[in-house]
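To start, the structure under review is shown below, and the notes come after it.
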Protein chains: 2
Amino acid sequence: MKKVTIKDVAKDAGVSVGTVSKVINNKGYVGKETLVKVMASIDRLGYSVNANARSLKSSKSNKVAVLISDISNFYLMSIAKEMEKTIRALGYHMILLSHNDDEQLELASLQIILEQQVDALVIIPTGGNGEMIGLIKRKGIPVISIDRKVDDVVTDLIMDDHYYGSFETIKYLHLLGHRRIGVIYGHRQNSIGRERYQGAIDAIKQLNMDEDSTLIKEANFKEEQAYRSTMELLLSPKPPTAIYSCNNTMTKGVLKAVREQGLRVAKDVSIIAFGDKAQWELITPALSLMAQPVKRIGIEASILLKNRLEAHEEFAEKQIIIKPELVPGNSCQTITIRS
Amino acid sequence: MKKVTIKDVAKDAGVSVGTVSKVINNKGYVGKETLVKVMASIDRLGYSVNANARSLKSSKSNKVAVLISDISNFYLMSIAKEMEKTIRALGYHMILLSHNDDEQLELASLQIILEQQVDALVIIPTGGNGEMIGLIKRKGIPVISIDRKVDDVVTDLIMDDHYYGSFETIKYLHLLGHRRIGVIYGHRQNSIGRERYQGAIDAIKQLNMDEDSTLIKEANFKEEQAYRSTMELLLSPKPPTAIYSCNNTMTKGVLKAVREQGLRVAKDVSIIAFGDKAQWELITPALSLMAQPVKRIGIEASILLKNRLEAHEEFAEKQIIIKPELVPGNSCQTITIRS
DNA sequence: CTGAAAGCGCTTACAG
DNA sequence: CTGAAAGCGCTTACAG
């Protein structure tokens with residue numbers, strides 16, 4: 001089937017190209033009769049507008065790029081789903097890319113995004129590539145960052161209060177009587193990792209608990225590493241009475257290790273995690289969570305995106321920090337303190 | 001920051017536009033010195049090619065559209081992740097859209113896809129919109145369908161053998177001694193729904209089991225409806241000894257209902273599901289599954305996509321049907337048959 | 001090895 | 001209400 005262009009439609013309908021343009025864009029004056037004729041030709045020929053040509057001319061692409069770390073991450077995709085709804089409702093569509101927390105991949109993706117002339121970028125950044133992201137901003141493309149800060153550049157930002165969440169989680173375990181707490185954290189290379197780590201550490205110090213450094217394990221946000229770290233904790237001579245996992249992916253590894261050791265969650269070891277409620281809904285016993293406000297984040301990001309896309313003038317970057325909420329399940333036990 | 005085009009680079013480097021084009025595309029003869037000059041200008045000005053203009057000229061967009069039913073569905077996103085890897089490796093990038101199993105939405109998405117001049121379409125179709133999908137094919141865009149057939153049009157197709165999977169699942173329950181089996185199926189509006197339904201029904205008939213129509217419940221592939229249907233089954237005067245759930249989303253509803261009734265999976269009622277292993281990994285007791293071959297599907301789809309994208313001539317549509325495998329967990333109990 | 005020129009498919013003032 | 005024409009930013013033969 002030969003490619004059919006606006007010219008073909010014009011010829012078929014016996015009008016000019018400009019007139020066809022007016023009908024497909026539904027703007028400018030077009031006579032009723034002409035309209036009908038053109039519509040008929042469009043149908044008959046199976047014409048659809050070439051978005052590339054249109055974008056080139058109008059320098060508006062109607063595309064929003066969403067760049068996230070992992071496409072198969074349930075939490076991130078819940079947010080992406082919210083975004084897609086908004087993006088569509090605003091008359092745009094979504095380009096989805098992922099970077100797997102690899103800065104090189106992120107850079108390559110950002111390059112593509114630049115080339116695609118997108119109208120906005122929503123990103124779960126690695127934290128790096130500040131220069132490139134700065135360039136994108138200077139080109140007039142709004143950048144909305146979710147969950148993490150980009151180093152060395154200010155962007156719109158929506159995230160939960162990682163430090164607060166971690167701090168409160170430890171406080172909660174302390175309240176239940178725990179004094180030896182294992183912490184499985186990601187790393188300290190980006191804001192989310194640093195803040196969740198620091199919140200936990202500060203709470204442990206402030207509450208005068210065992211500052212046993214062997215209880216604090218880095219697991220790079222990976223399930224496999226969290227599994228190994230948890231194993232180490234469980235098999236150590238003086239294991240913790242509770243384990244705090246700083247992220248969803250790592251929590252899988254933690255739970256696997258506990259099960260594999262034949263331990264009962266809560267009874268033998270308390271487990272609490274920073275995470276997404278929906279994702280852990282069917283786990284038994286119900287997981288105690290510092291619950292990420294997925295819905296709120298999605299909504300706030302959508303509002304911000306809408307404002308950016310529709311704003312006639314620029315406005316200062318917004319930083320929206322949302323406090324997560326502790327949702328107790330049945331995975332943490334009260335410990336009687338021997339004095 | 002003013003938009004910088006190839007012209008600006010040309011002027012800055014003191015060469016022609018054509019020469020700049022050669023260096024950014026890395027083709028044709030360019031003198032060493034010129035090359036260096038141009039590169040420097042590109043860097044200095046922060047130039048990046050306008051993909052819209054490029055596509056317009058070359059009528060190749062380097063875009064692959066992936067249209068799925070639900071962005072936050074873990075199973076689908078696992079496949080999408082595989083696809084993204086391939087797409088990137090082939091030098092393309094991915095546009096992701098979703099249709100929520102709504103034919104109107106699917107049609108709108110297909111329209112966008114057509115306008116975007118994508119080089120290929122990977123789709124989890126609703127089953128409808130055969131006409132539009134036919135049009136897309138006639139425009140020379142390869143269409144690769146996953147998991148479901150498109151009605152009234154032949155496309156490349158990769159799916160598991162839904163009928164076989166359902167049939168074998170019932171056979172397995174029969175083998176364990178179950179004679180009253182509840183079936184929660186999606187609907188019969190598309191191929192996946194019909195085939196999974198029919199496989200179960202045929203097995204029940206063939207094995208001479210209770211053909212009690214009140215045991216067979218339609219739940220529209222929705223968690224909420226599966227929950228209600230399961231409740232009905234559990235509360236009926238003569239409840240089934242086992243329930244077969246035809247899909248991941250519905251399985252959530254089934255499990256919730258069982259728990260809410262205070263019943264123990266396996267001991268009180270056996271549960272088996274058509275589904276994705278990774279998704280149910282942490283559920284206790286381990287769910288018995290007719291396991292979807294996610295990996296295989298992803299790989300086969302990737303290979304097919306690669307062939308379509310790189311083929312110099314057309315070839316006949318491929319239909320790849322993969323047999324799912326029964327993976328017993330601990331969610332089904334052996335029943336002693338009273339005779 | 002380099003440049004000038006045509007043209008991809010559209011939109012947008014502008015003239016009528 | 002309609003059409004002719006310029007031009008968006010590129011690539012691609014072609015000539016030199």
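None of the figures in this text is laboratory data; all of them are computed from the coordinates on show. Just so you know, these numbers come straight off a predicted model, no measurement behind them. Virtual Cβ from ideal backbone geometry, glycine too; neighbours counted across all protein chains shown.
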> Can you list the residues, at least 5 places off or on another chain, whose amide H is less than 5 Å from the amide H of A:Ser145, using H built in the peptide plane?
Replying inline: A:Ile123, A:Asp156, A:Leu157, A:Ile158
> segment A:1-62 to segment B:142-156: how many Å between their Cα centroids?
Replying inline: 29
> Quick one: if you take sqrt(5λ) for each eigenvalue of the C-alpha gyration tensor of the protein assembly as shown, what semi-axes come out, biggest first, whole angstrom?
Replying inline: 46, 37, 21
> Considering amide H positions built from the backbone, and no H for Pro or chain starts, which residues 5 or more places from B:Ser72, or on another chain, come under 5 Å of its amide H?
Replying inline: none
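Report the gain in length on full extension from B:Ile299 to B:Arg188: 0.36 nm times residue separation, minus Cα-Cα distance, nm rounded to one decimal.
Using 0.36 nm per residue and subtracting the Cα-Cα distance, I get 37.2 nm.
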> When we measure straight from the Cα of A:Lys22, which aspartates and glutamates land under 20 angstrom away, once same-chain ones fewer than 8 places off are left out?
Replying inline: A:Asp8, A:Asp12, A:Glu33, A:Asp43, B:Glu115
>> On a straight-distance basis, which lysines could pair with B:Lys205 in a cross-link, Cα separation under 17 angstrom, same-chain partners fewer than 8 positions away excluded?
In response: B:Lys171, B:Lys217
> Under a 5 Å amide H to amide H cut-off, with H placed in plane at 1.01 Å, what residues pair with B:Val66 once short-range neighbours are removed?
Replying inline: B:Ile95, B:Leu96, B:Leu97, B:Val122
>> To make sure I understand, if each residue's beta carbon is the centre and we count other beta carbons within 10 Å, what order do A:His178, A:His312 fall in, fewest to most?
In response: A:His312, A:His178
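Could you list A:Asp12, B:Asp202, A:Asp156 so that the one with the fewest beta carbons within 10 Å of its beta carbon is first and the one with the most is last?
In increasing order of surrounding Cβ atoms, one gets B:Asp202, A:Asp12, A:Asp156.
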> B:Ala316: net charge of surrounding residues, Cβ under 15 Å, Lys/Arg +1, Asp/Glu -1, itself excluded?
Replying inline: -1
> How large is the convex hull of the Cα atoms of chain B per residue, expressed in Å³ as a whole number?
Replying inline: 162
> Measuring from the lowest to the highest alpha carbon on each principal axis, how far does segment B:65-125 reach, largest first, in angstroms?
Replying inline: 32, 28, 13
> Which of B:Ser21, A:Ser16, A:Ser213 comes first, and how do the rest follow, when ranked by fewest Cβ neighbours within 10 Å?
Replying inline: A:Ser213, A:Ser16, B:Ser21
> Under the rule of -39500 (n - 2.57) per DSSP H run of 4 or more residues, summed and divided by the residues of chain A, what mean residue ellipticity at 222 nm is obtained, to the nearest 500 deg cm²/dmol?
Replying inline: -14000 deg cm²/dmol
> Where does the Debye-calculated log10 I(q)/I(0) of segment B:6-49 sit at q = 0.30 Å⁻¹, using only Cα point scatterers of equal weight, no solvent?
Replying inline: -1.14
> Going down the table (A:Lys137/B:Lys32; A:Lys256/B:Lys222; A:Lys60/B:Lys37; A:Lys222/B:Lys295; A:Lys137/B:Lys2; A:Lys222/B:Lys85), which pairs top 22 Å between alpha carbons?
Replying inline: A:Lys137/B:Lys32; A:Lys256/B:Lys222; A:Lys60/B:Lys37
> From the backbone phi of segment B:111-126, what are the Karplus-calculated ³J(HN,Hα) couplings (6.51 cos²θ - 1.76 cosθ + 1.60, θ = phi - 60°) in whole Hz, Gly and Pro given as x?
Replying inline: 4, 4, 4, 4, 5, 6, 6, 5, 8, 6, 10, 10, 9, 9, x, 5
> Hey, could you pull the Cα Rg and Dmax for segment B:87-206, both in Å?
Replying inline: 17.7, 56
> Over segment B:162-293, what number does the Rg to Rh ratio reach, with both radii from the alpha-carbon atoms and Rh per Kirkwood?
Replying inline: 0.92
